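Before any comments, here is the structure.
Every read-out reported here was derived from the displayed coordinates using simple, explicitly stated rules and does not represent laboratory data. Treat the numbers as computed from the prediction; the structure is a model and nothing was measured. Backbone-built Cβ (ideal geometry, glycine too); neighbour counts: all protein chains shown.
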Amino acid sequence: MKWLLLLSLTLLAGCTPVGVSIRVGPTSEPLVASPVLELGEGRGTPRDRIAMIVVRGLITDTPTTGLLGESTAPIDEMVKQLKMAAADDNVKAVVLRIDSPGGTVAGSETAYLEVRDFIEKTGKPVVISMGEVATSGGYYLALAGDHIVAEPSTLTGSIGVIIPTFNASEGLGRLGIRTRFITSGPNKDLANPLAPMRDGHYEILEDVLRDYYASFLSLVLRRRPGLIPEEVPAATDGRVMTGNTAAAIGLVDSLGGVRKAMQEAMTRASLERAVLVRYGSSANAPRTAYAIAETPRPLLADQSTSLMRIDGASLGTGALGLRPGVGYYVWIP
């Protein structure tokens, strides 16, 4: 056994450097801008930068908890990097890369307004680059940009709203469990999951949903004037579509990847040459434009499908861990 141990140590020593690093939760290390792509002609190192900011996962302003601990809220991370791009005079434009199935109604609206505020205050253009998925709230956020570039195979669309509800009263009744809530009014316990379902409650939620949807539809029509009128009913009925289809009907402007989005950003910033930078810690700097780096991918759930948690975090909503009664611009595959 001793010679096996010595052999193992020798092999490990011969394979240096050897290191294993496991980071749980958000990092507190300061972010730095790492060059990941350069475009344009000329000699020397260009000072002009295009900042690439990635929004990945469920769009919400609250941290997401999963198997590896708590992850930074996507909106918090996005706003932090927008502030860095605003303060850097060498950053002339932003490429906002979206890889998200959507998020809460409030979260999606907040992210949209933050991007619009950045554009209005700095005058720096923002070009959207869609990744694998940019649906519902992800598409809502994309509408904030000056130009939308989608991969041909990107899944996008899913324009609509969902308010998940859950009701366990019948099952509890079979177990002999009865619940009674004392309320100040008939609608105070709206869609209570532990009380028998009442149609009047769901009618109220449907009114809220219609209001949310009207806002989403109005934004689409206002921000996408090139959307083919005949395609509006189908494009906004909640269906998903590929980037190819979205480009054909006018939901996105052009097809391509990060390189295409960067070129569009350079054109809008009147640049002939620039370097694309990604924000990340110096210890884990991104190597290419497609690196995850320090932009965390919030877990879309607690990585479980528990049927009921009375604390309101998840009530039979499956993999996404959606909260009952909360409005979402999200696509649930």
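Rg/Rh for region 40-182: what does it come to with C-alpha atoms and Rh from Kirkwood?
Result: Rg/Rh = 1.16.
What net charge is computed for the residues neighbouring ALA86, neighbours being all others with C-beta under 14 Å from the C-beta of ALA86, Lys and Arg scored +1, Asp and Glu -1?
Residues close to ALA86 contribute a combined charge of +2.
Cα-based Rg of region 229-282 per 2.2 N^0.38 Å, rounded to two decimals?
1.59
As I understand it, the dipole of region 113-193 uses +1 on the Cβ of Lys and Arg and -1 on the Cβ of Asp and Glu, about the Cα centre. Which of LEU172, VAL133, SER153 lies farthest toward its positive end?
It is LEU172.
Which peptide among 132-141, 206-215, 52-61 comes first, and what is the full order, when sorted by highest mean count of other Cβ atoms within 10 Å?
Most protected by this proxy first, the peptides run 132-141, 52-61, 206-215.
Please compute the length gained on full extension between GLU38 and GLU206, using 0.36 nm multiplied by the number of residues separating them and subtracting their Cα-Cα distance.
55.5 nm
What's the local net charge at TYR329, with K and R +1, D and E -1, over the other residues with C-beta under 15 Å away? List each step's numbers first, then the result.
Values: positive: ARG210, ARG223, ARG239, ARG323; negative: ASP61, GLU109, ASP211, ASP237.
Neighbourhood net charge equals 0.
Among the lysines, select those whose C-alpha is under 23 Å from the C-alpha of LYS121, and discard any that sit fewer than 8 residues away in the same chain.
LYS80, LYS83, LYS92
Give me the net charge of ARG49's neighbourhood, meaning all other residues with Cβ under 12 Å from the Cβ of ARG49; Lys, Arg count +1, Asp, Glu -1.
Within the 12 Å Cβ shell, the charges total +1.
Need the list of aspartates and glutamates near LYS260 for cross-linking: C-alpha distance under 17 angstrom, and skip anything on the same chain fewer than eight residues off.
Hits, sequence-local ones excluded: GLU38, GLU41, ASP99, GLU132, ASP146, GLU151, GLU272.
Figure the gain on full extension for ALA214 and ASP237 (residue separation times 0.36 nm, minus the Cα-Cα span) and round it to one decimal in nm. Provide the component values of the computation, followed by the final result.
On the way: separation 23, 0.36 × 23 = 8.28 nm, distance 1.20 nm.
Fully extending the segment from ALA214 to ASP237 adds 7.1 nm.
Please report the orientation-averaged projected area of region 149-286, defined via the convex hull of its C-alpha atoms, in nm². Intermediate results must be reported in sequence, preceding the final value.
Numbers: hull surface 61.9 nm².
Mean shadow area of the hull around the Cα atoms is 15.5 nm².
Quick one: which of 172-182, 238-248, 82-92 comes out on top by average Cβ neighbours within 10 Å, and what's the full order, highest first?
Order by mean packing, descending: 238-248, 82-92, 172-182.
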